[in-house]
1. Going by the structure shown, is A:Glu37 away from DNA strand C (no atom under 12 Å from the Cβ), charged (D, E, K, R) and more than 14 Å from chain B (Cβ to nearest Cβ)?
2. Any idea how many residues of the range B:1-34 are modelled with pLDDT of 95 or more and more than 16 Å from DNA strand C (Cβ to nearest atom)?
3. Among the residues of the range A:48-67, which ones are away from DNA strand D (no atom under 15 Å from the Cβ) and either under 16 Å from A:His36 (Cα atoms) or assigned to a loop (DSSP other than H, G, I, E, B) (or both)?
4. Confirm whether A:Arg101 is surrounded by 12 or more Cβ atoms within 10 Å (Cβ to Cβ) and not in a helix (DSSP H, G or I).
5. Taking the range B:68-96, which residues are surrounded by 13 or more Cβ atoms within 10 Å (Cβ to Cβ), more than 7 Å from every other protein chain (Cβ to nearest Cβ) and among the aliphatic types (A, V, I, L, M)?
6. Under the condition of being within 19 Å of A:Lys26 (Cα to Cα) and of a type in the set (D, E, K, R), which residue from the range A:97-110 is farthest from the other protein chains (Cβ to nearest Cβ)?
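The values are calculated or read from the model by the stated rules, or taken from the named source; none is laboratory data. In this text the structure is predicted, and so the values were computed from the model without any measurement. Positions of Cβ are generated from backbone atoms using ideal geometry, with glycine treated the same way; all protein chains shown enter the neighbour counts.
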Number of protein chains: 2
Amino acid sequence: MSEEKIVVSARCPIRTTLELIGGKWKLIILQQLSRHEELRLSELKKLIPDISEKMLIQELKTLVDGNLALRKNYGEVPPRVGYSISEKGKHIEPLIAEMVRFAKNYEKPD
Amino acid sequence: MSEEKIVVSARCPIRTTLELIGGKWKLIILQQLSRHEELRLSELKKLIPDISEKMLIQELKTLVDGNLALRKNYGEVPPRVGYSISEKGKHIEPLIAEMVRFAKNYEKPD
DNA sequence: TACAGTACTAACCTTTTTGTAAGTATGTCT
DNA sequence: AGACATACTTACAAAAAGGTTAGTACTGTA
């Protein structure tokens with residue numbers, strides 16, 4: 001008896017999205033990945049100069065874990081790793097476009 | 001001489017948008033405001049049961065300060081205040097729609 | 001040998017964000 | 001008088017996010 005209470009509550013899609021791409025850096029990183037075939041860590045650092053190395057690596061890991069980005073280790077030495085956007089990740093592109101549109105409109109005089 | 005270095009750098013629109021609607025609650029609040037003519041604090045509390053009163057008030061204030069929401073004080077007693085979405089605020093609607101679409105796609109099996 | 005480049009990891013600390021609990025002013029209703 | 005309701009405010013605490021610094025392993029190059 002006493003079946004487990006099954007939580008059906010369809011997760012709020014806004015919260016789902018916030019969990020995936022919330023925070024200061026994930027969208028910026030995804031944007032860069034979405035406009036380059038593949039990027040190495042050092043290249044991302046140059047493209048996003050104000051991010052700390054720790055955050056960059058940490059956020060990349062989160063994105064890879066969430067299947068929004070792909071990590072390819074070439075197994076070379078010195079190490080070579082390439083990051084790119086995944087199929088699921090490509091779907092933030094229109095979202096980013098909307099954010100840009102929103103900001104542009106916001107800055108427009110009334 | 002030595003003119004002040006003028007920082008022209010057109011603010012990154014993604015960061016602008018994140019500043020306006022980033023965080024755990026602002027989008028949720030805006031979404032509710034966007035689908036109701038006007039809401040009182042107590043009504044918003046019912047619609048978003050897991051937000052604390054303090055956060056609700058605090059975020060509403062931020063949204064009003066940023067011209068994304070409007071606050072109307074009816075000057076009655078007991079106090080009556082109505083919150084609604086502003087013209088600028090209405091422009092998050094397509095952004096929210098994109099977030100919903102993104103989450104739906106994300107949850108789709110591969 | 002010493003230094004540079006790569007992609008990390010780990011320890012530690014600061015700042016920002018979010019939450020909890022209590023209290024305010026005002027007037028109505030009982 | 002005392003309880004209730006509204007829209008807040010304040011002080012404090014906890015948690016999450018972000019940042020700094022140093023260190024790892026490996027190899028090529030000066």
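1. yes
2. Result for the range B:1-34: 3.
3. Residue satisfying the conditions is A:Asn67 alone.
4. Judged against the criteria, A:Arg101 is not a match.
5. Residues satisfying the conditions are B:Leu68, B:Ala69, B:Leu70, B:Val81, B:Ile85.
6. Step by step, filter the range A:97-110, then rank; the result is A:Arg101.
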